[in-house]
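The values are calculated or read from the model by the stated rules, or taken from the named source; none is laboratory data. This one's a predicted model, so the numbers in the text were calculated from it and none came from an experiment. Here the Cβ positions follow ideal geometry from the backbone for every residue, glycine too, while neighbour counts run over all protein chains shown.
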Amino acid sequence: MELKIVPDTSVVVDGRITEFIREQKDHKITVIIPNVVISELEHQANLGKETGFDGLKELKNLKELEVNGLIEIKFHGQEPSLEELKFSKGSRIDDIIRKTAEENNATLITSDYVQSLVAQTRGIDTHYIEPKVKREFPKIFGLFDSTTMSIHLKENTPIMAKKGDVAHFELVRIGDKTNREQMDQYAKEIVEYTKGDPRGYIEIEQKGATVIQLSEYRIVIARPPFSDGIEITAVKPLVKTKLSDYDLSEKLLKRLESHAEGIFVAGAPGAGKTTFVQAVAEFYQSKGKIIKTMEQPRDLQVGDEITQYAPLEGSMEKTSDILLLVRPDYTIYDELRKTSDFRVFADMRLAGVGLVGVCHSSRAIDAIQRLVGRVELGVIPHIVDTVIFIDAGKIKKVYELKMTVKIPHGMREADLARPVIEVRDFESGSAEYELYSYGEEVVVIPVRRKSDDSRTESDDISIFKTKKDIILRSKKFADRNVQIYADNRLILSARINRAGNAKIRRNSESGRLLVEMINSGKRITVG
């Protein structure tokens, strides 16, 4: 008995079409492949999408069946242009596939439920195959043990793992070199398993890069041309903590419960920020608060009561619009990287939403500085009132921000009073930094002497860097022309004003030379 079939993209991508054909033992099968399917898969593969590669491999399997005399393959229809593929909607491609089945009096084979309903409505003979729930458990997960935080695979290199605990990790070799075919298999297993697991999401799929969240695992698959070879990185959290594990002071715990509404959780990559934020989210949830998250990818390991939102149509701004309607008590924003993230965070805070934002920084003060230039200086304390700095899985520093009007630290004249943001150590209450406008610049000045400030041994001059300027401060030489030396070599002359400050543009010849001397560790003196 002759059977003519038209597979759509869904059954080609998940490999169901070859399984279906092998089950039809008493039929002479003709497979009519719409050229639009081939072009769509080629386009996806050129963009580095795993679905494109999977689909093309399945078409290769169909060709092998034809070579073995099991089926006959025919191609139908015109090939679409790149513009048509790029800008046409998925429904347009589905319509072409349905017309192919209709014109050839063939049976449409699909795993797309909507496609099957539309085809049946139009009177097209349709065979619907349930999407494959799961395939082989990905071998990459078998490489993890209780001490493994991440697995690193790249073609033509050994399999590596980062092992240890939050305080100390070591990169160790755990397997032999992998070739491209093996890497393709690893990637295929991950993508197919993700599609069939309700806990799995393809969070990002762009040219050469696929980001997947599968249960607690975050997986990044990179391909040429984005990377110089196929690379897979899989990360999972080692521990899940409760807020009580962090030995919070009673004062800080009370602040988190009743006062803090704009919180930055800062730290270097791998410092334990996400683990801490998960504990904060579940702490608030246990207090009867409505908690939501904004994530890309969604990798926070929180209870089902906490809804995790991704960017809506690729935009966190649109996600925030929905959250303003939902009105949660607190939203976890993981993580703040781009200017748009900080502005969305600011807009939501000013709208009255309690927020906990996660951002990368090497020091606690750096997290605050990331707001400078992105939002108005005067609203920063209304956006962020608490900064919690995490290092090696522990809370190392907590700041609170307050706005006041005063003469900035180090200045004398009363007419220099201005709005100043004080960054205070939360536990002691002592001011450590001040933020204020200085001309056209926003200056972040340490109030107390810090080891990471550039300062001469005789304390005659202090040097601070802003985005555009180098600021020299010296009370001793206020209102005087001075010479600045680097290891006794004269590098520039400057005028220190009555307030004890001189400002030198970083992009000037003198500024570039001064930056070079500071970065090379030269002793800066004034005379």
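Keeping to region 419-438, report how many residues are in a loop (DSSP other than H, G, I, E, B) and over 16 Å from ILE388 (Cβ atoms).
Looking only at that region, the number is 2.
Of the numbered criteria (1) over 19 Å from ASP329 (Cβ atoms); (2) in contact with a helix residue (DSSP H, G or I) (Cβ under 8 Å, 6 or more places away or on another chain); (3) of a type in the set (Asp, Glu), the one GLU250 fails is (2).
What residue, among those in region 494-523 that are hydroxyl-bearing (Ser, Thr, Tyr) and either modelled with pLDDT under 80 or surrounded by fewer than 16 Cβ atoms within 10 Å (Cβ to Cβ) (or both), is farthest from the chain's Cα centre (by Cα)?
It comes out as SER508.
All of ILE212, ILE151, ILE190, ILE204 fail the test of being under 23 Å from the mean Cα position of the chain (by Cα), in contact (Cβ under 8 Å) with a residue 40 or more places away in the chain and over 28 Å from HIS43 (Cα atoms), apart from ILE151. Checking LEU65, LEU59, LEU41 one by one, the residue that is part of a helix (DSSP H, G or I), closer than 25 Å to ASP184 by Cβ and touching a strand residue (DSSP E or B) at 6+ places or on another chain (Cβ under 7 Å) is LEU65 and no other.
Only one of ALA187, ALA161 is in contact with a helix residue (DSSP H, G or I) (Cβ under 7 Å, 6 or more places away or on another chain), among the aliphatic types (A, V, I, L, M) and part of a strand (DSSP E or B). Can you tell me which?
Values: ALA187 fails: part of a strand (DSSP E or B).
Only one candidate passes the filter, namely ALA161.
Of note, ILE159 satisfies the criterion of being surrounded by 19 or more Cβ atoms within 10 Å (Cβ to Cβ) and either touching a Pro at 6+ places or on another chain (Cβ under 9 Å) or not assigned by TED's automatic domain parsing to the domain that holds ILE395 (or both). For region 183-201, does any single residue satisfy the condition of being surrounded by 19 or more Cβ atoms within 10 Å (Cβ to Cβ), at pLDDT below 90 and of a type in the set (Val, Ile, Thr)? Scanning region 183-201 turns up at least one residue that is surrounded by 19 or more Cβ atoms within 10 Å (Cβ to Cβ), at pLDDT below 90 and of a type in the set (Val, Ile, Thr). Residues that are surrounded by 15 or more Cβ atoms within 10 Å (Cβ to Cβ) and farther than 13 Å from VAL277 by Cβ within region 299-316 comprise TYR309, ALA310, PRO311, LEU312, MET316, listed in sequence order. Scoring ALA281 on the criteria (1) in a loop (DSSP other than H, G, I, E, B); (2) outside the structural domain of HIS168 (by TED's automatic domain parsing); (3) of a type in the set (Gly, Ala, Ser) leaves a single failure, condition (1). Check whether at least one residue in region 418-425 is modelled with pLDDT under 90 and within 30 Å of LEU323 (Cα to Cα), and report yes or no. Within region 418-425 (the criterion being modelled with pLDDT under 90 and within 30 Å of LEU323 (Cα to Cα)), the answer is no, since none of the residues qualifies.
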